[in-house]
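The values are calculated or read from the model by the stated rules, or taken from the named source; none is laboratory data. The model shown is predicted, which means the values in this text are computed figures rather than measured ones. So basically every Cβ, Gly included, is an ideal-geometry build from the backbone, and we count neighbours across all protein chains shown. Calculation scope for accessible area: heavy atoms of the full protein, side chains included, ligands and nucleic acids excluded. Shrake-Rupley method; radii C 1.70, N 1.55, O 1.52, S 1.80 Å.
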Amino acid sequence: METGNKTGLIVRPEEAEHVALPHGGGFRLLADAGDTGGALGANRLTLGEGADDARPHYQALSTELFYVLHGRVEFLVGDERASVGQGGLAIVPPKVTHAFGAAAGCPAELLAVLTPGVDRFGYFRALGRIQHGLDSFDSLLPEQVRYDVHFVDATAWRSTRTA
């Protein structure tokens, strides 16, 4: 992996760290803020059929972009709920609550970009441990400011995902 703010960044597929998630999902960690001089962070996310990935949360500092590479993803952005298929895009500005997961019966792949970047590879590794039952979700709560991921009540999101 070649890094550097002034020279650019090239990440070959075999160089991207993979964080496995249950049901065949996982993160491909492509670029962290430190790799881009703080400009952005990027990862590729694979979700198994109907899998939730993100509880309702917001970023205080960054805008998040999600491009659906494959499948169908259910998004909550503010008060709007939308099902977005391959080739669709969702953009979430700072301080807007959002959540997402693969649509029922459909695996999905997303490219996620956060700008300006925040070093979050540690966050994705922690999510992998949590989803495999090796750690508790509560272990992330003290890290919300560090990773610029601020969690909110998930009740409404969960009830619509299981209905």
Problem set entry | Flag if V77 is more than 24 Å from A20 (Cβ to Cβ) and either hydrophobic (A, V, I, L, M, F, W, C) or free of Cβ contacts under 8 Å to residues at least 12 places away in the same chain (or both) | yes
Exercise. Which residues, taken from the stretch 78-103, are surrounded by 14 or more Cβ atoms within 10 Å (Cβ to Cβ) and in a loop (DSSP other than H, G, I, E, B)?
Worked result: G88, V96, T97, A103
Exercise. Of the residues in the stretch 95-141, how many are over 17 Å from L76 (Cα atoms), in contact (Cβ under 8 Å) with a residue 40 or more places away in the chain and hydroxyl-bearing (S, T, Y)?
Worked result: 1
Seminar exercise, completed: When the stretch 148-158 is checked residue by residue, the ones that are in a helix (DSSP H, G or I) and among the charged types (D, E, K, R) are R158
Seminar exercise, completed: Sole miss for E17 among (1) closer than 23 Å to L140 by Cα; (2) open to solvent by less than 50 Å² (accessible area, probe 1.4 Å); (3) of a type in the set (D, E); (4) out of contact with any Asp or Glu (no Cβ under 8 Å at 6 or more places or on another chain) is condition (2)
Exercise. For the stretch 116-147, what are the residues that are over 12 Å from the mean Cα position of the chain (by Cα) and not in a helix (DSSP H, G or I)?
Worked result: P116, G117, V118, D119, H132, G133, L134, D135, S136
Problem set entry | Single residue of E109, E64, E74 found to be part of a strand (DSSP E or B), of a type in the set (D, E), farther than 26 Å from V145 by Cβ and open to solvent by less than 50 Å² (accessible area, probe 1.4 Å) | E109
Exercise. Which of the residues spanning the stretch 27-41 are outside any loop (DSSP other than H, G, I, E, B) and open to solvent by 20 Å² or more (accessible area, probe 1.4 Å)?
Worked result: R28, L30, G34, D35
Exercise. Does A99 satisfy being over 13 Å from the mean Cα position of the chain (by Cα), closer than 23 Å to R129 by Cβ and among the aliphatic types (A, V, I, L, M)?
Worked result: no
